[in-house]
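I'd like to ask some things about the structure below.
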Ligand code: FEO
Ligand code: CA
Ligand code: CA
């Protein structure tokens, strides 16, 4: 998520933009002495001034490398690649969704859509109740409605074969809340916006908690091609208070025990669920990202707890929950509740009575996403980003073939090895195992057992020498080639660590790194990496390696479809103050060429574009627009005469019924 500078919560700091990683940088000139891929930088950018070019290490800009040369903004006339079939659109500042010609986009299941129980209709807040919950829906009603701030999302077909393209479960994260829309219609920027930001009653806190979490809804395609919500017994809301369990090496660990759960086995709830993943056995993975900001630290913690609170940035009470819910007050007597968050949670969407499981083997960090890839031998590999300045990229590899493990009643997500990435200066990379007893991960260094390593994942990764990155967001694997990608959204922190994989300081626009695992073996420990693209205004400005007509910044959401189209979603300031957007790049571009990029969709005022899911036939694409009008200026999606801006899913179809993007 991005919280812009005039947002009330900014007073406590955007948690992703503050470095809590003390790792020291290698000097830039030392970096410049190492290998530079010819695509890594462009002549004329500020990298030249930083010494890369004078070092004589890179070729001149490869102007001819771009297919079709350039031009074509708004018409796509300059793009001639075969992989991307649609006409590019231009950037937008409109308060409406624009998609490529020949496609239709319809808003669907906005925040407040009734899905459960008494199916309470959405009631917008009204002015006059600062911080209260006297207006709008009640907390109990919110628990029966779609939550706020749609994010990562998966479509699970309910049938094998073609019927699965028309009937499925849509599972989506509800990342965070804009309390000023949740409780009242007071808009940010007005005099009382700050007062309206935090709920002032226990009921208000409960409503906020119920607007978080995950939604499961059955959806089906009607004969006219439009999609509708089904009032199904499978529909479910998971919130910040849903009972869960722990599994894996940190389950029951001393650092996850609390006064309310002395065994450390039954955590409560999930919140700030960013992106997602899905397993080959049909479950949904939801990722706990900026959990840290929901707590308040009362008193002086012991050294171990204080160290964890510092590295994970615990504190701030961003939503005011700590005032009315003691669970969010971290005290010397009961300091471990924050350690019960920051995990990947597995949910069985097909069983609404199932207990979500926090899979501790996947580590504890500000989990952006969890991309599952099945290796040749059937071991599952989960790629994950930790979204904060100077944090790391991880992967988990299951101990054995996932089918044989499940046949024995074991979870492939409980037993295996967690690794963190080191991007070497010469373009090679290493996966460093986070295994207790190996290297520095010993009791002498504060890691008494594997539970310690996992609860303190960030500290363990630093001890191993992982490479600090420019805010790792989504990972994706090209299913056709096996190449792995990660979006690095931006990094303007003065504490930013420069290295070859994160070469711009400051990096206001972000970039995308890709790598190939050695021998195509995703379970291995060696890889070769490259800079896929550097975002920005284009044409070499600020070192960006894209064309000016494809300008974008802050790549975040990412999916590679089976035809090697990389769907890139943005969350942050865009060149020329345009709205956030979704573009498609050629994921199979040669490593010595610039990938073709085309803009497919532009979002509405104030939103980010995030979350992407497809029917198996790829003829329906679901995309989320999150937090429209977070700073005012939007009334989207304007359904049923309601002008309160609401996060919603956008359902995209091709007018000729074809594959999206073809
Ligand atoms: Fe929730 Fe890093 O985006
Ligand atoms: Ca983001
Ligand atoms: Ca994100």
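The values are calculated or read from the model by the stated rules, or taken from the named source; none is laboratory data. Values in this document were obtained by computation on a predicted structure and should not be read as measured data. Reconstructed Cβ throughout: ideal geometry from the backbone, glycine too, with neighbour counts over all protein chains shown.
Within the range 474-495, how many residues turn out to be farther than 20 Å from residue 564 by Cβ and surrounded by 22 or more Cβ atoms within 10 Å (Cβ to Cβ)?
Going residue by residue through the range 474-495, those that are farther than 20 Å from residue 564 by Cβ are 488-495.
Restricting the remaining residues to those that are surrounded by 22 or more Cβ atoms within 10 Å (Cβ to Cβ) gives 488-491.
Final tally of qualifying residues: 4.
Also: Restricting to the range 143-164, and then to whatever is within 16 Å of ligand 2 (Cβ to nearest atom) and under 17 Å from residue 559 (Cα atoms), can you tell me which residue is surrounded by the fewest Cβ atoms within 10 Å (Cβ to Cβ)?
153
Mind listing whichever residues of the range 591-636 are touching a helix residue (DSSP H, G or I) at 6+ places or on another chain (Cβ under 9 Å) and at pLDDT below 95?
592, 593, 594, 629, 630 - these are the residues of the range 591-636 that are touching a helix residue (DSSP H, G or I) at 6+ places or on another chain (Cβ under 9 Å) and at pLDDT below 95.
Run down 482, 451, 446 and say which single residue is touching a strand residue (DSSP E or B) at 6+ places or on another chain (Cβ under 8 Å) and away from ligand 3 (no atom under 16 Å from the Cβ).
Values: 451 fails: touching a strand residue (DSSP E or B) at 6+ places or on another chain (Cβ under 8 Å); 446 fails: touching a strand residue (DSSP E or B) at 6+ places or on another chain (Cβ under 8 Å).
Unique residue meeting the criteria: 482.
Consider residue 560 carefully, then state whether it is under 27 Å from residue 612 (Cα atoms), touching a residue at least 60 places away in the same chain (Cβ under 8 Å) and within 16 Å of ligand 2 (Cβ to nearest atom). Break it down stepwise before answering.
Details: under 27 Å from residue 612 (Cα atoms): yes; touching a residue at least 60 places away in the same chain (Cβ under 8 Å): yes; within 16 Å of ligand 2 (Cβ to nearest atom): no.
For residue 560, the condition - under 27 Å from residue 612 (Cα atoms), touching a residue at least 60 places away in the same chain (Cβ under 8 Å) and within 16 Å of ligand 2 (Cβ to nearest atom) - is not met.
Then there is this: Of the conditions (1) more than 26 Å from residue 331 (Cα to Cα); (2) more than 16 Å from ligand 3 (Cβ to nearest atom), residue 200 clears all except one; give me its number.
(1)
Would a scan of the range 625-635 turn up a residue that is more than 16 Å from ligand 1 (Cβ to nearest atom), assigned to a strand (DSSP E or B), at negative phi and buried (at least 21 other Cβ atoms within 10 Å of the Cβ)?
no
Something else now. Provide a single number: the residues in the range 312-337 that are in a helix (DSSP H, G or I) and either in contact (Cβ under 8 Å) with a residue 60 or more places away in the chain or in contact with a helix residue (DSSP H, G or I) (Cβ under 8 Å, 6 or more places away or on another chain) (or both).
Counting residues in the range 312-337 that are in a helix (DSSP H, G or I) and either in contact (Cβ under 8 Å) with a residue 60 or more places away in the chain or in contact with a helix residue (DSSP H, G or I) (Cβ under 8 Å, 6 or more places away or on another chain) (or both) gives 8.
Do you know which of the residues in the range 234-243 that are touching a helix residue (DSSP H, G or I) at 6+ places or on another chain (Cβ under 9 Å) and surrounded by 20 or more Cβ atoms within 10 Å (Cβ to Cβ) is farthest from residue 308 (Cα to Cα)?
If we filter the range 234-243 for residues that are touching a helix residue (DSSP H, G or I) at 6+ places or on another chain (Cβ under 9 Å), which is where we start, we get 237, 239-241.
Those left that are additionally surrounded by 20 or more Cβ atoms within 10 Å (Cβ to Cβ): 237, 239-240.
Values: 237: 31, 239: 25, 240: 22 Å.
Selected residue: 237.
Among the residues of the range 646-662, is any part of a loop (DSSP other than H, G, I, E, B) and farther than 30 Å from residue 156 by Cβ?
Filtering the range 646-662 down to residues part of a loop (DSSP other than H, G, I, E, B) leaves 646-647, 655-662.
Now drop any that are not farther than 30 Å from residue 156 by Cβ, which leaves none.
Looking through the range 646-662, none of the residues is part of a loop (DSSP other than H, G, I, E, B) and farther than 30 Å from residue 156 by Cβ.
Among the strands (runs of 3 or more DSSP E) confined wholly to the range 201-275, which include 2 or more residues that are within 24 Å of the chain's Cα centre (by Cα)? It would help to see each step written out before you state the result.
Values: elements: 213-221, 227-230, 236-238, 245-247.
By residue number, 213-221, 236-238, 245-247.
Residues being outside any loop (DSSP other than H, G, I, E, B) and either away from ligand 2 (no atom under 16 Å from the Cβ) or over 19 Å from residue 212 (Cβ atoms) (or both): count how many of those fall in the range 287-298.
First pass over the range 287-298, keeping only residues outside any loop (DSSP other than H, G, I, E, B): 287-288, 291-294, 296-297.
Cutting the leftovers down to either away from ligand 2 (no atom under 16 Å from the Cβ) or over 19 Å from residue 212 (Cβ atoms) (or both) gives us 294, 296-297.
Qualifying residue count for the region: 3.
State all residues of the range 520-547 that are surrounded by fewer than 21 Cβ atoms within 10 Å (Cβ to Cβ), part of a loop (DSSP other than H, G, I, E, B) and under 24 Å from the mean Cα position of the chain (by Cα); if no residue qualifies, say none.
523, 537
Looking at the range 410-420, is at least one residue within 16 Å of ligand 2 (Cβ to nearest atom) and under 23 Å from the mean Cα position of the chain (by Cα)? It would help to see each step written out before you state the result.
Let us first name the residues in the range 410-420 that are within 16 Å of ligand 2 (Cβ to nearest atom), namely none.
No; the residues of the range 410-420 include none that is within 16 Å of ligand 2 (Cβ to nearest atom) and under 23 Å from the mean Cα position of the chain (by Cα).
When the range 330-342 is examined, which residues are found to be more than 14 Å from the chain's Cα centre (by Cα) and closer than 22 Å to residue 489 by Cβ? Write out each step before concluding.
Residues of the range 330-342 that are more than 14 Å from the chain's Cα centre (by Cα), as a first pass: 330-341.
Correct list: 341 only.
If we scan the range 415-422, do we find a residue that is within 18 Å of residue 348 (Cβ to Cβ), in a loop (DSSP other than H, G, I, E, B) and modelled with pLDDT of 95 or more?
First, pick out the residues of the range 415-422 that are within 18 Å of residue 348 (Cβ to Cβ): none.
No, the conditions are met nowhere in the range 415-422.
Tally time: how many residues in the range 518-533 are out of contact with any helix residue (DSSP H, G or I) (no Cβ under 7 Å at 6 or more places or on another chain) and more than 17 Å from residue 589 (Cα to Cα)?
Adding up the residues that qualify gives 7.
List the pairs whose first member sits in the range 148-176 and is within 16 Å of ligand 1 (Cβ to nearest atom), whose second member is at pLDDT below 95 and in a helix (DSSP H, G or I), and whose Cβ atoms are under 8 Å apart, counting only residues at least 6 apart or on separate chains?
These pairs meet every condition: 148/181; 148/182.
Condition test on residue 468, is it buried (at least 24 other Cβ atoms within 10 Å of the Cβ) and either at pLDDT 95 or above or within 16 Å of ligand 1 (Cβ to nearest atom) (or both)? I'd like the intermediate steps shown before the answer.
On the way: buried (at least 24 other Cβ atoms within 10 Å of the Cβ): yes; either at pLDDT 95 or above or within 16 Å of ligand 1 (Cβ to nearest atom) (or both): yes.
Judged against the criteria, residue 468 is a match.
Continuing with the same structure: Name the residues in the range 566-581 that are assigned to a loop (DSSP other than H, G, I, E, B) and within 14 Å of ligand 3 (Cβ to nearest atom), would you? Lay out the reasoning, then the answer.
Residues of the range 566-581 that are assigned to a loop (DSSP other than H, G, I, E, B), as a first pass: 571-574, 578-580.
Those that are assigned to a loop (DSSP other than H, G, I, E, B) and within 14 Å of ligand 3 (Cβ to nearest atom): 571, 572, 580.
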